[in-house]
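Contents: one structure, followed by commentary.
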Amino acid sequence: MKEIEEREHVYCIAEVVNWWPKEEVSRTWPPAAGLQRRSRFELGFFTPYGSSDGRRYLGIWYYKSNPSTVVWVANRDRPLAGSDGVFKIEDDGNLKVYNGNQNLYWSTNIGSSVLDHRTLKLMDNGNLVLSYVDQEDLSEHILWQSFDYPTDTFLPGMVMDDNLVLTSWKSYDDPAQGNFTFQLDQDGSQYVIWKRSVKYWKSGVSGKFITTDKMPAALLYLLSNFSSKTVPNFSVPHLTSSLYSDTRLVLNSSGQLLYLNWDDHKVWSQIWVEPRDRCSVYNACGDFASCNSEGGMACKCLPGFEPTSLESWNMGDYSGGCIRKSPICSVDNESDTFLSLKMMKAGNPDFQFNAKDVFDCKLECLNNCRCQAYSYFEANITRQGGIDNSACWIWSGDLNNLQDEFDNGRDLNVRVAVQDLELTVRNCGTCGTNLIPYPLSTGPECGDPMYFNFNCNVATGQVNFEAAGGTYKVKFIDSEARKFIIQTKEAGDCGDKNWINKALQLNQSSLFHVTSWCNFKETNPEIFSLKTSNEVEIGWEPPLEPTCSSTTDCKDWPYSTCNTSKDGNKRCLCITNFHWNGWSLNCTTDHNKEKDGRGKTSFSVIIVATTICIVLLIILSCTGFYIYFSKTGLIERQESRGNSQKDLILHLYDNERRVKDMIESGRFKEDDTNGIDIPFFDLETILIATGNFSNANKLGQGGFGPVYKGKFPSGQEIAVKRLSRGSGQGFEEFKNEVLLIAKLQHRNLVRLLGYCVEGDEKMLLYEYMPNKSLDAFIFDQKLSVALDWDVRFNVILGIARGLLYLHQDSRLRIIHRDLKTSNILLDEEMNPKISDFGLARIFGGKETATNTRRVVGTYGYMSPEYALDGIFSVKSDVFSFGVVVVEIISGKRNTGFYHSEKSLSLLGYAWDLWMKDEGLELMEPTVSENCKREEYLKCLNVGLLCVQEDPWDRPTMSNVVFMLGSETATLPSPKPPAFVVRRCPSSRASSSTKPETFSHNELTVTLQEGR
């Protein structure tokens, strides 16, 4: 037999080793001679990265990966205790792992067989194969292979069949079998992740009603070992097995399935992941409960339902779901009503039929006591000119996999008992998944007028709370606890209640008061990060007697009549011997009302008053101590502004004092400064750093205003963007950039260091980019020489990665809306960084497109649907990116280009050359010597795909990054771009030396030239 005995780190690299019975061998493997072909995988003993207890395993990992990227582990459940491991092939044909005392730790267990000419191969695809050669016909037979016994990783070449199961590691540094497995579902048509015996995620869970969690065709092709038929998709390249050479599919210890690609920066980049958020988990909230992927409140029962187990629900275990408060169909059809829910995702309906209209669909549900819900889809004309059939979906079983605010979600009507919704005639009913209880009011016809702080968006089913400080989304209303939760935009200090009181502007006389903040429960925070900033719980004071105009209005409040109250209004006043209880909303004979009702308020007032007194006493004491020590010289006042500490400018924004000063000075409204949590710089410091904004330090001029170079005494260089008073951009753009870019962190996005607001001055401070902007290079005959092809390709790829981060990977989903070459800055190593987020928009996690009355952007870079109709989406940025790509590879400006023969724009000219197979003629002459032909044509192809007229045809940025990073991708052919023909040459664009802004009917367009 032959063995490998571990000595520090003995391993095999894509080698073939033959064993002959009872042959004496050396202890090292492979032989000393080096390999002539590319090595991809290593086999040997290893200690998991991050582990410190000396556990050793036999495994396979990527060649020279650091830390080791392990793809297979033999003895995952029985680690060796030391470095005395031995890997053997025994005479019975089995591979085995022993320790130094010959104790068995792992075996292939293929049964006893004595066979000659056994061969063990570590293949280039990472498969460890034990085989033998039949001496009669010299055919090779596989005895065992690691691809049939995977751990947590699926590699190209494997086949996901009924027998293959991926099992997660127990933790990131423990290869033992974890809680999650991934495999084919029993029906063989879908894939499922199990958490022990509970279904955790399932592909295509919503079937015909809503297609969601669907596995991409590229992944299905990989899982089938490149044997499945793929549906043509013009936004992604034609799939071939060569595209997958540097990819892997991993089930991590948290239960997420990740598809990863080894990119040009030698890191594993994530292409796809599921479950992507907590609502992607299979039936995350149980039956009849809705999941929300944003904020701290993960699950809530639908109106008319209550938790199956309140104790489990309060502990954050929502798996039991919710049950009805009252049965449906208990008397007749009129005893039931329907919740009208918008933008909903739901599990598969039980059957579907063609209804005449929505009323026919509703009637079908009402006439069937088993019907739990229905959804009607009205026929419309498709993009191909056909007509979709109207459909009525019916659910007869419990509703599961519910999610609100879902991208492309449908209207869902859930059947409930009337008595569970209409508690009083003054109740405002439901709005989406929230029941709005009395006294809360969304209009003059319901609730108490004094609580008219809410509105219901019927189109989206969203409830909003309107406070003096702004309008906030209501995520959840608890009628029994008399509290509701709002989602705030401000990122405040969770240890300080003052910041939220300032944001909402709730004073002591308000009927609403903050009860808690930043204390929500979150499930699996280490897996799914929140997209929102903060959530605040607000309670409301008990109301006075209901208003009325006649005794009829008081029928819902027994023992009351309509009379004039002390405040002069007619109210439902309780009769003799009864007292109004604002907490229970009725007239009661309980004489200890102070204990139950207003007594609580009195007690609360006492507590608040006591707390205020104590706080005032502490403040006075601190003031006295400060004055005393100041006089004795123990407190040194730092009066010198030249102090070296000021170089850092870490005057972190004092959210209490500075905002108060700004409000009192009348310079801003309070909501203009809330949430700004980046460093604040005073004007004097900036004046010193920029030499009083001297022309010698002026870097350029943009639509925002001039940009200056600054330098602090410590040597730190900065770029200061100063808002010009005559700028077409205003304070909203300034605030938008301050609030937005501070939350973004990516190597291809410019870093905001701080801001300054003082008097009429508004300034943004960035990291200094010594090479200025991209347009200064590519459109300058002399400077363009510095951008050889490798630099240009790196710039294109960097911009793509930055956009992908904005659209998909950041905490916020962001559309830039003004991507252009002048907004791409270059650092000292020519790495691109996207800048200028003044026009960016945060896209809700459930939105795909929206429109605006105010179209802003730069001529030549705006997509047609945005420029003409005001509709923008992530595909708008994709279009701008395509224009930038064509400009980079051609060295020509889109807005100044004119082809006299055919009156073509730059995009039209590029398209014309592409169709003639003459794309190389577009190449910038300065890169012709070192340009990689295939890489150049790939960039041109991608650029033309991005500028296609129909946004549906344009690829997403994840597809763009995939296409650019792949060396063997077969890209689809682009369709004609938008703006092919230019009606007339733009003399204005070609002669202008500074940007001009025009506005008409709220259309704002910038003609942009180099700085």
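The values are calculated or read from the model by the stated rules, or taken from the named source; none is laboratory data. Source: prediction; values computed, not measured. Cβ coordinates were reconstructed from backbone atoms using ideal geometry, including for glycine residues, and neighbour counts include every protein chain displayed.
So here's what we get for this one:
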| quantity | calculated |
| --- | --- |
| For Gln352: the one exception among (1) in a loop (DSSP other than H, G, I, E, B); (2) farther than 23 Å from Ala459 by Cα; (3) within 37 Å of the chain's Cα centre (by Cα) | (1) |
| Positions within the range 821-836 being more than 17 Å from Val707 (Cβ to Cβ) and either outside the structural domain of Val878 (by TED's automatic domain parsing) or touching a strand residue (DSSP E or B) at 6+ places or on another chain (Cβ under 9 Å) (or both), in sequence order | Pro832 |
| Criterion: surrounded by fewer than 20 Cβ atoms within 10 Å (Cβ to Cβ), out of contact with any strand residue (DSSP E or B) (no Cβ under 8 Å at 6 or more places or on another chain) and either modelled with pLDDT of 90 or more or among the basic types (Lys, Arg) (or both) - qualifying residue of Asp187, Asp264, Asp174 | Asp174 |
| Residue under evaluation Gly316, criteria (1) surrounded by fewer than 17 Cβ atoms within 10 Å (Cβ to Cβ); (2) assigned to a strand (DSSP E or B), criterion not met | (2) |
| Hey, Leu699 farther than 17 Å from Gly754 by Cβ, of a type outside the set (Asp, Glu) and either at pLDDT 60 or above or in a loop (DSSP other than H, G, I, E, B) (or both) or not | yes |
| Thr337, sole failed condition from (1) in a strand (DSSP E or B); (2) free of Cβ contacts under 8 Å to residues at least 40 places away in the same chain | (2) |
| Subset tally (residues that are modelled with pLDDT of 90 or more and among the hydrophobic types (A, V, I, L, M, F, W, C)) for the range 374-416 | 9 |
| Leu806 being outside any strand (DSSP E or B), buried (at least 22 other Cβ atoms within 10 Å of the Cβ) and touching a His at 6+ places or on another chain (Cβ under 8 Å) | yes |
| Number of the exception - Asn75 against (1) under 28 Å from Val267 (Cβ atoms); (2) of a type in the set (S, T, N, Q); (3) at pLDDT 90 or above | (1) |
| Residue list for the range 468-499, filter: in a strand (DSSP E or B) and modelled with pLDDT of 85 or more | Thr471, Tyr472, Lys473, Val474, Lys475, Phe476, Ile477, Asp478, Lys483, Phe484, Ile485, Ile486 |
| Looking only at the range 676-698, and only at residues there that are of a type in the set (A, V, I, L, M) and surrounded by fewer than 19 Cβ atoms within 10 Å (Cβ to Cβ), the one that is nearest to Asp775 (Cα to Cα) | Ala696 |
| Answer residue from the range 217-260, given it is of a type in the set (A, V, I, L, M, F, W, C) and in a loop (DSSP other than H, G, I, E, B) and is modelled with the highest pLDDT among those | Phe226 |
| All positions within the range 809-820 that are in a loop (DSSP other than H, G, I, E, B) and touching a strand residue (DSSP E or B) at 6+ places or on another chain (Cβ under 8 Å) | Leu812, His816, Arg817, Asp818, Leu819, Lys820 |
| Count of the range 883-925 residues which are among the polar types (S, T, N, Q), on the phi < 0 side of the Ramachandran plot and at pLDDT below 90 | 4 |
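For every residue, the table says whether it meets (1) at pLDDT 90 or above; (2) surrounded by 12 or more Cβ atoms within 10 Å (Cβ to Cβ); (3) part of a helix (DSSP H, G or I); (4) in the same structural domain as Val785 (by TED's automatic domain parsing).
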residue: Tyr936; (1), (2), (3), (4): yes, yes, yes, yes
residue: Leu940; (1), (2), (3), (4): yes, yes, yes, yes
residue: Gly943; (1), (2), (3), (4): yes, yes, yes, yes
residue: Asn959; (1), (2), (3), (4): no, yes, yes, yes
residue: Phe962; (1), (2), (3), (4): no, yes, yes, yes
residue: Pro972; (1), (2), (3), (4): no, yes, no, yes
residue: Lys975; (1), (2), (3), (4): yes, yes, no, yes
residue: Cys984; (1), (2), (3), (4): no, no, no, yes
residue: Thr993; (1), (2), (3), (4): no, no, no, yes
